[in-house]
Amino acid sequence: MLVNGLVNISISTIEKRYDLRSSLTGLISSSYDISFCILCLFVSFHGQRGHKPRWMTFSAFMLGLGSLVFSFPHYISDVYSYDSKKRDICSISGSHDNNDECSNSKSSLSLGYLFIFILGQLIMGAGGTAMYTLGTAFIDESVPSEKSSLYLGIANGMAVLGPAVGYIVGGQFLRIYIDINKSAEIDLTQDDPRWLGGWWIPFLLFWPVAWLLTVPFLGFPKYLPGTAVIQKQKVSQAHQDGSEILVKEKNLGKNFKDFPLALKLLLKNKVFMCLTGASCFDGLLITSLATFIPKYIENQYGRTSNEAALLGGLVLIPGAVVGQIAGGLLCSKLKLKCRSMIKMAVIMSTVSLLLCRPGNKGDTHSAADLLPTTATAVSCLSDPWLQSAPPDSDLGIP
């Protein structure tokens with residue numbers, strides 16, 4: 001909900017508010033994944049034999065802290081003034097009105113806000129690491145093999161449903177003016193391109209909610225009742241390359257000095273590396289789509305920020321949630337082993353690829369095909385500031 005939901009729908013507003021380019025807001029979005037990638041190996045190695053619920057307590061605390069830090073730029077920045085400058089308008093070359101803001105849009109102040117956003121994402125990445133690695137392991141070791149697919153499918157489905165809630169809830173907060181105490185004084189509507197919504201409000205609300213989750217996590221024992229019996233009944237389906245024997249002989253995992261050897265054994269596991277590569281390509285597609293689809297809908301089809309958030313959630317989430325839960329249920333009911341699960345994943349991926357039919361060469365589609373009123377809704381030359389401009393003013397309009 002926080003990272004893949006609230007952050008993604010806030011990107012467009014943050015970009016406008018702090019004069020950041022899309023490449024920089026993309027860096028903000030990827031900072032969570034950078035932190036996750038750096039820490040996941042060390043956290044999973046050190047926490048595999050530790051108290052996993054306590055690690056998840058730390059995770060909830062860090063997610064709340066990161067959410068609070070991410071909202072800081074709103075508190076330390078000036079009140080948003082939509083009339084302070086001509087936004088997104090530059091003088092043409094050779095004109096007398098040289099707009100220095102167009103040639104140097106990156107101010108040191110904006111970069112300072114950028115670093116705070118990145119810091120918040122890094123902190124949230126540190127928190128999400130334990131939640132997704134050790135949390136998954138805690139579920140898997142606590143349930144029988146034939147039911148683990150169902151439980152993990154439900155968990156992953158909820159992880160996908162969370163961003164949907166973030167898209168919907170965050171979209172509603174974007175209907176509130178960015179400076180709440182000034183909302184009665186402004187003369188703007190949500191359809192005005194200068195309108196900026198309250199992107200920071202859900203981050204401030206998520207902070208105490210995340211910290212409240214630390215209380216139930218602290219109540220979990222290291223192992224759930226019956227875990228020892230379940231572990232004895234499980235049969236290993238790991239790729240047999242001799243690594244399991246080496247792990248048992250050297251009792252790997254107790255000391256951090258065993259980390260290089262454990263990493264080497266993982267890198268030599270061909271099945272694991274293939275699955276990891278497949279997950280990387282899947283994340284490359286899904287993460288980029290989830291990050292920029294609200295902004296794309298907003299800019300391409302002239303929708304407001306909250307409408308773009310809602311439409312983006314409707315596009316991405318339902319299929320993902322149903323797919324995760326249905327896949328886990330299918331694997332559980334059919335009692336599929338690892339080899340059969342991989343085959344099913346290959347078949348589903350192939351079917352998905354075949355359904356992605358590109359447009360024909362002669363096909364021409366525009367925004368008007370989806371939104372019939374788009375062209376008529378744009379009336380740049382009727383804006384008051386254009387009507388009030390002197391006849392000889394050079395605004396860069398042919």
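Would you kindly calculate the translational diffusion coefficient of segment 100-235, applying Stokes-Einstein with the Kirkwood radius from alpha carbon pairs, for 4 °C and a viscosity of 1.567 mPa s, and quote it in µm² s⁻¹ without decimals? Show your work: numbers first, answer last.
Values: Rh = 19.3 Å.
Using the Kirkwood radius from Cα pairs, D works out to 67 µm²/s.
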Practice problem: State which entries of K264/K337; K232/K335; K270/K343 exceed 22 angstrom in Cα-Cα distance in the structure shown. | Solution: K264/K337
Quiz item: What is the Å³ per residue value for the convex hull set by the Cα atoms of segment 251-325?
Solution: 160 Å³
Quiz item: Roughly how many Å is it from the Cα centre of segment 152-222 to that of segment 116-147, as a whole number?
Solution: 20 Å
Self-check item: Area accessible to solvent at Y82, 1.4 Å probe radius, in Å²
Solution: 40 Å²
Quiz prompt | Highest average packing first - 339-348, 204-213, Cβ atoms within 10 Å | solution = 204-213, 339-348
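In Å², and per residue, what accessible area does segment 279-335 have when probed at 1.4 Å with the other protein chains present? Mind dumping the intermediate values first?
Numbers: 3280 Å² over 57 residues.
Result: 58 Å² of accessible area for each residue.
The values are calculated or read from the model by the stated rules, or taken from the named source; none is laboratory data. Worth saying up front: this structure is predicted, and the values here are computed from it rather than measured. Here Cβ is always computed from backbone atoms with ideal geometry, including for glycine, and neighbour counts include all displayed protein chains. Calculation scope for accessible area: heavy atoms of the full protein, side chains included, ligands and nucleic acids excluded. Shrake-Rupley method; radii C 1.70, N 1.55, O 1.52, S 1.80 Å.
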